[in-house]
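*Asks:* The structure follows.
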Amino acid sequence: MKENSEMRDPIHGFIRLSKQEKDLIDTEVFQRLRRIRQLAMASLVYPGALHTRFDHSIGVMHITGRICARLKELNPTRVNKEDVKRLRLAALLHDIGHGPFSHVSEHLLKKYAPEDADTGKVLEKIHEKITVDIIRSNPQIKEYLNDDEPDFVINMIQGQEAWNWHCDLISSELDADKMDYLLRDSYFAGVKYGEYDIEKIIESCLIDVEETDHPNDTDKIESSLAISSKGIYALEQLLLARYHMTQQVYWHRVSLISNEMIIRGISLAIDEGNTEMKKLYQYDQNNKDEFINNYLKYHDEKIIELLRNCEQQKTRDIFNRLYERRLFKMVAELRLKDEALRTKRRIMGIIDGVTRERQVEKEKEIANLLKIDPDYVIIKSLQIRNPNYGSRSYILNPDAIKIFDEREKEHKDKLKDMNDYKDELYFARPSTDETSLETLQVYALYDGWHTLSEECRLDLETNIQTILKSV
């Protein structure tokens, strides 16, 4: 058998695979990713967005390998072949724990996890925990990972080694994951918003090494992934691409509505006694092997077919609507830019991720106004903020990406963040408006919405906004 194989990828061209990488890709658990779409049901608005976690994972591995090759060129004594091999494996397996509809599943895993389950504060960490469980327990994965490779991959996915360029490459504000999904999602959605100069980014990557005094470990060497100041304009381009993709693709109205319909439909199924869905989304840390074995049986199309024909009538209705693209309508939007701070906090407090009591109350009021079933009303909060880098936001952490400025003479002055380039980059200028893009949207099953006169729709939207603002 050949030691190396290759595959053709529409984003990166030919991608070379080692025998070990190919063996892992050929496992049943990795092949499952072919049936989990990267952008859930965004194809309802972007018909080409049918790409999957399978090709994305291979793309992340490829970018990781390219960055490692560049770092090895710059630091031949610090980057060896074993580093490159193991980091490519971590990148390849980093998304193997995604559930049906990708990130949409994480909302349900968080909601239905047992009270004593350690699911973490960050929503995206749940699929990482499941990824770790799969790597530890799946016999096929264990067969093709050698010696300490499972522990290394798990450490990279969990980010357990602070101040380590290895972890930065797998999970950070400047990781290979973002570099791939922006280009890939943009390409398959048929838009240009996600494009940036990846060649300049890769060329500008470097390892910053610094000796620091630690209380328990003196003169410890810390290393982090940084970018040369020569690449700051390509970096700004990447960050703007992430912002624009969020606004135009990930948060497109149809994408958001379809995601929320999936969540509401599955929630109703579980709440009304669908034991199969409850078993799928009730992350059981005490019986991990049983949970994982069941979890790996499901993918997007299987869930759709199951719930289009399930016993729960409302769930069946919602998933048939998704299948036939008869979606809920956005009947109101409340932008918080012009609201007083106290009012903003009260309004955003409507969404309670634990009990949903206030949200349910508001949804009932809106349903009464529209004369429909409250289960067919969904309030969605969006909290993306101004794109300027000086503002902490959904998009950015102003201290997260380190820039190595070659113009400085002393090493201690060389490492900077984007705030230090506010005179050179538009994106780094401080924001004066922290909440300009915070909003609440209301979706409802209202088939006759577009037949109403504009005046009638505006009156209903105004009344819904009044309900949202009321105590």
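*Asks:* Amide H neighbours of Leu415 under 5 Å, at least 5 residues apart or on other chains, H built in the peptide plane: list them.
*Replies:* Asp405
*Asks:* Under the Karplus relation 6.51 cos²θ - 1.76 cosθ + 1.60, θ = phi - 60°, what is the ordered set of whole-Hz ³J(HN,Hα) values for region 251-260, x standing for Gly and Pro?
*Replies:* 10, 4, 3, 5, 4, 5, 5, 5, 4, 5
*Asks:* Then there's this: Tell me, what is the FRET efficiency for Asn463 and Glu324 to the nearest 0.05, using R0 = 35 angstrom and their Cβ-Cβ distance as r?
*Replies:* 0.75
*Asks:* Say R0 is 25 Å: what FRET efficiency, to the nearest 0.05, do Asp284 and Lys142 get from their beta-carbon distance?
*Replies:* After rounding, the FRET efficiency stands at 0.75.
*Asks:* Relative to the present Cα-Cα distance, how much length would full extension add between Asp23 and Asp271 at 0.36 nm per residue of separation?
*Replies:* Here the answer is 85.2 nm.
*Asks:* Same structure, new question: Just check region 1-102 against the gyration tensor rule for me: Cα atoms, a ≥ b ≥ c as the square roots of the eigenvalues, rounded for a/c under 1.5, and otherwise prolate or oblate depending on whether a/b exceeds b/c.
*Replies:* prolate
*Asks:* Once you place label points 7 Å from the Cα toward the Cβ at Ser470 and Asp447, how far apart are they in nm?
*Replies:* So the label points at Ser470 and Asp447 sit 2.9 nm apart.
*Asks:* Quote the charge dipole size of region 30-122 about the Cα centre in Debye, to the nearest 20; the model charges only the Cβ of Lys and Arg (+1) and of Asp and Glu (-1).
*Replies:* The calculation lands at about 400 debye.
*Asks:* In a shell of Cβ-Cβ distance under 9 Å around Leu89, excluding Leu89 itself, what net charge do Lys and Arg (+1) and Asp and Glu (-1) give? Please report the intermediate quantities before stating the final value.
*Replies:* Numbers: positive: Lys85, Arg86, Arg88; negative: Glu21, Glu149.
After counting each charged neighbour, the total is +1.
*Asks:* Sticking with this structure for a sec: What list of ³J(HN,Hα) couplings, whole Hz, do you get for region 285-292 from phi and the Karplus terms 6.51, -1.76, 1.60, once you set θ to phi - 60° and write x for glycine and proline?
*Replies:* Karplus-based 3J(HN,Hα) across region 285-292 equals 6, 7, 10, 4, 4, 5, 4, 5 Hz.
*Asks:* Can you tell me the accessible area per residue over region 1-80, all protein chains present, probe 1.4 angstrom, in square angstrom?
*Replies:* 46 Å²
*Asks:* Separate question: Amide H of Thr52: which non-local residues (sequence gap of 5 or more, or other chain) have their own amide H closer than 5 Å, using H built in the peptide plane?
*Replies:* HN-HN under 5 Å from Thr52: Gln38.
*Asks:* Just to confirm, what accessible area per residue do you get for region 222-279 at 1.4 Å probe, in whole Å²?
*Replies:* 33 Å²
*Asks:* What's the local net charge at Arg32, with K and R +1, D and E -1, over the other residues with C-beta under 10 Å away?
*Replies:* Details: positive: Arg34, Arg35, Arg53, Lys297; negative: Glu28.
Local charge sum for Arg32: +3.
*Asks:* Something else about it: Between Asp151 and Lys337, what is the label-to-label distance in nm when each label sits 7 Å out along the Cα-to-Cβ direction?
*Replies:* If labels sit at Asp151 and Lys337, their model points lie 5.4 nm apart.
*Asks:* Right, next: What does the charge count near Met245 come to, summing +1 for each Lys or Arg and -1 for each Asp or Glu among other residues with Cβ under 11 Å from its Cβ?
*Replies:* Details: positive: Lys178, Arg184, Lys192, Arg242; negative: Asp185, Glu195.
Taking every Cβ under 11 Å from that of Met245, the sum is +2.
*Asks:* Quick one: 3J(HN,Hα) in Hz for region 29-44, Karplus 6.51/-1.76/1.60 with θ = phi - 60°, rounded, Gly and Pro as x.
*Replies:* 5, 7, 4, 4, 5, 4, 9, 10, 6, 4, 10, 6, 10, 5, 5, 5
*Asks:* Quote the FRET efficiency, to the nearest 0.05, computed for Lys192 versus Met7 with a Förster distance R0 of 25 Å and r equal to the Cβ-Cβ distance.
*Replies:* 0.50
The values are calculated or read from the model by the stated rules, or taken from the named source; none is laboratory data. It should be emphasised that the depicted structure is a prediction, and the values quoted were computed from it without experimental measurement. Here Cβ is always computed from backbone atoms with ideal geometry, including for glycine, and neighbour counts include all displayed protein chains. Ligands, DNA and RNA are excluded from the accessible area calculation, which covers all protein heavy atoms including side chains. Shrake-Rupley method; radii C 1.70, N 1.55, O 1.52, S 1.80 Å.
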